[in-house]
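First up is the structure itself, then whatever we jot down about it.
The values are calculated or read from the model by the stated rules, or taken from the named source; none is laboratory data. Predicted, not measured: the structure shown is a model, and the values here were computed from it. Backbone-built Cβ (ideal geometry, glycine too); neighbour counts: all protein chains shown. Remember, those area values only see protein heavy atoms, side chains included, never the ligands or the DNA or RNA. Shrake-Rupley method; radii C 1.70, N 1.55, O 1.52, S 1.80 Å.
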Amino acid sequence: MTYDRSNVFARILRGEIPCDKVYEDEHVLAFRDIRPQAPTHVLVIPKGSYVSFEDFSEKASEAEIIAFVRALGQVARSEGASEGGWRLLANNGADARQEVPHLHVHLFAGRDLGPMLSRL
Ligand code: AMP
């Protein structure tokens, strides 16, 4: 899939629309989800133009991958989630109902997060 430069997270990265930033480094930005589904609901995104986790896993540099994984743990710690626990979720493609075509990992914490998936 070709990267769509008009997606909302690309616009946040370009500073065209604001975000509630919680973490930033050379390769990664993390900010609060605009429609939080838990007391802590942070989106962690690479600054590079990757559509999905699959795209990132194939094309990102080792430096980008290391920074991304480290940032996930850093955000969990800085949000005070270590003791209670936390969950990562990355929707990849249509069946996962990925809405924004720029890789983002949801980090949830702050309450019992319930079962892993609904059984429909
Ligand atoms: P997904 O379904 O995994 O693609 O999730 C997309 C997420 O992006 C949703 O949880 C939205 O609430 C969130 N979102 C959309 N626009 C914004 C925005 N401008 N700032 C923060 N979060 C956003």
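Considering each residue of region 29-63, count those that are farther than 26 Å from Ala94 by Cβ and more than 14 Å from the ligand (Cβ to nearest atom), and give that number.
4
All but one of (1) open to solvent by 20 Å² or more (accessible area, probe 1.4 Å); (2) over 23 Å from Ala109 (Cβ atoms) hold for Phe53, so report the exception by its number.
Among (1) open to solvent by 20 Å² or more (accessible area, probe 1.4 Å); (2) over 23 Å from Ala109 (Cβ atoms), Phe53 violates only (2).
All but one of (1) among the charged types (D, E, K, R); (2) more than 16 Å from the ligand (Cβ to nearest atom); (3) in contact with a helix residue (DSSP H, G or I) (Cβ under 9 Å, 6 or more places away or on another chain) hold for Arg77, so report the exception by its number.
Exception for Arg77: condition (3).
Looking for something among the basic types (Lys, Arg), assigned to a strand (DSSP E or B), open to solvent by 60 Å² or more (accessible area, probe 1.4 Å) and touching a residue at least 12 places away in the same chain (Cβ under 8 Å) - is there at least one such residue anywhere in region 76-99?
Yes, because at least one residue in region 76-99 is among the basic types (Lys, Arg), assigned to a strand (DSSP E or B), open to solvent by 60 Å² or more (accessible area, probe 1.4 Å) and touching a residue at least 12 places away in the same chain (Cβ under 8 Å).
Just give me the residues in region 69-120 being basic (Lys, Arg) and within 15 Å of Thr40 (Cβ to Cβ), in sequence order.
Listed by number, the residues that qualify are Arg77, Arg87, Arg111.
Can you find a residue in region 110-120 that is of a type in the set (A, V, I, L, M, F, W, C), touching a Lys or Arg at 6+ places or on another chain (Cβ under 9 Å) and open to solvent by 20 Å² or more (accessible area, probe 1.4 Å)?
The answer is yes; a qualifying residue exists.
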